[in-house]
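This report refers to the structure that appears directly beneath it.
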Amino acid sequence: MLRRIIAALLLVGIGLTGIAFLVARQTPAVHAYRVGMVDWPEGTPPLRLVMLSDTHVGSAAMPRARLDAIVDQVNALRPDCVLLGGDYIEGYPRQSTVKAEARAVVAPFARLRPRLATIAVAGNHDMVRDRDESRAMRAALARIGARPLDYSATRCGPLTVAGFDHPHFSKEHVRQTAAAATRLGGPVLLLSHSPEHFEREGVRRFPLMVAGHTHCGQIAAPFYGAILTASVDRRLACGLVREGGRVLIVGPGLGTSGLPLRLFTRPEILLIEVGPRQG
């Protein structure tokens, strides 16, 4: 009897692993959001933003052909701007190979065709091993025509997009980013690799924040949700959060970290329409 139970459990485990591998490589779903902003310029039409994050090229879940297909899928959505949320590399690059790795993993993004701009930040996996910097990744992103943000800001039409370079920053970094956004003016979206700073002092001045990093757990349980949240508060780890007039959108990303498996957390492309607040 015990042997039969063990055999049955093994079969269930093998089956779930196979399903999780297929889910990790499936065509991403498009998850649509609409966000109204109080300071949207009167008479200005909304913007279509597409956000991609956590591609983790090098994982068995993200072969080059799959990323190429995702780029085609994004172009078909006809975005005004594409936001790239970091963690383009699986694992952590070494100083000796980081330039080549960075160029290789972002090369497919050169085919993105937004109407206005591709805007990007780096993630923690894009940092050189044992060094807290991502210059090589920012250079690779600029090389393919993206605008990498390093505690800085840029424009997507009427919208100012400010960006944190990676999850680890100081109060001075927050002030630097806020000052860059203020100089450009207009409604502001904060593009951050991680959502963990949403409630921190200084970040609260940003009305809209978009992030990835958590993979929404990558492996989740029914009626419970994400099992692991990458040290992010569970309340902020996935989906739409509204708090005090502010909005946080956290996507599950596209690739995987560690095991190339996803269970109850499908890969997603975020389609975010930003425009005037209704009512």
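The length gained on full extension between ARG64 and ILE19, counted as 0.36 nm times the residue separation minus their Cα-Cα distance, comes to 14.1 nm.
Normalising the Debye intensity of the stretch 62-163 to I(0), with uniform scatterers on Cα atoms only, and taking log10 at q = 0.15 Å⁻¹ returns -0.59. Neighbours of LEU77 by Cβ distance under 13 Å: Lys/Arg scored +1, Asp/Glu scored -1, total 0.
Computed from backbone phi with θ = phi - 60° and the Karplus coefficients 6.51, -1.76 and 1.60, the 3J(HN,Hα) list for the stretch 35-51 is 10, x, 10, 5, 9, 5, x, 4, x, 8, x, x, 9, 9, 10, 10, 10 Hz; x is used for glycine and proline. Once C-alpha pairs closer than 8 Å and six or more residues apart are averaged by separation and normalised to the residue number of the chain, the relative contact order reads 27 percent. Annotation: extensible slack from THR182 through ALA104 equals 24.6 nm (criterion: 0.36 nm per residue apart, minus Cα-Cα distance). Rounded to the nearest 5, the antiparallel percentage of DSSP beta bridges internal to the chain is 35%. Taken about its Cα centre, the chain carries a charge dipole of about 380 debye when Lys and Arg each add +1 at the Cβ and Asp and Glu each add -1 at the Cβ.
Taking amide hydrogens as placed 1.01 Å from N in the peptide plane, the amide H of GLU90 sits under 5 Å from those of VAL57, SER59, each at least 5 positions away in sequence or on another chain.
When the helices of the chain are scored as -39500 (n - 2.57) per DSSP H run of n ≥ 4 and the total is divided over every residue, the value at 222 nm lands at -8000 deg cm²/dmol.
Among the DSSP helices (H) of the chain, those spanning at least 27 angstrom by Cα along their long axis with an average Kyte-Doolittle hydropathy of -0.5 or more are 2-24; this is a geometric and hydropathy rule only.
Between the labelled values [x] 0.99; [y] 1.11; [z] 0.96, the entry that holds Rg/Rh (Cα atoms, Kirkwood Rh) as derived from this structure is [x].
Label-to-label distance for ARG277 and LEU77 is 2.5 nm, based on points extended 7 Å past Cα in the beta-carbon direction.
Other residues lying with their Cβ under 14 Å from the Cβ of THR256 contribute a combined charge of 0, Lys and Arg counting +1, Asp and Glu -1. With the simple model of a label 7 Å out from the Cα in the direction of the Cβ, VAL38 to GLU199 spans 2.2 nm.
If I take R0 = 22 Å and measure r between the Cβ atoms of THR27 and LEU259 in this structure, what FRET efficiency does the formula 1/(1 + (r/R0)^6) give, to the nearest 0.05?
Details: r = 20 Å, r/R0 = 0.92.
Calculated value: 0.60.
Per-residue extension of 0.36 nm, minus the Cα-Cα distance of ALA221 and ARG235, leaves a gain of 3.5 nm for this segment.
A short reminder: the numbers here are calculations on the coordinates, not readings from a lab. All of these numbers come straight from a predicted model, not from anything done at the bench. Methodologically, a virtual Cβ is constructed for each residue, glycine included, from the backbone with ideal geometry; neighbour enumeration extends over all protein chains shown.
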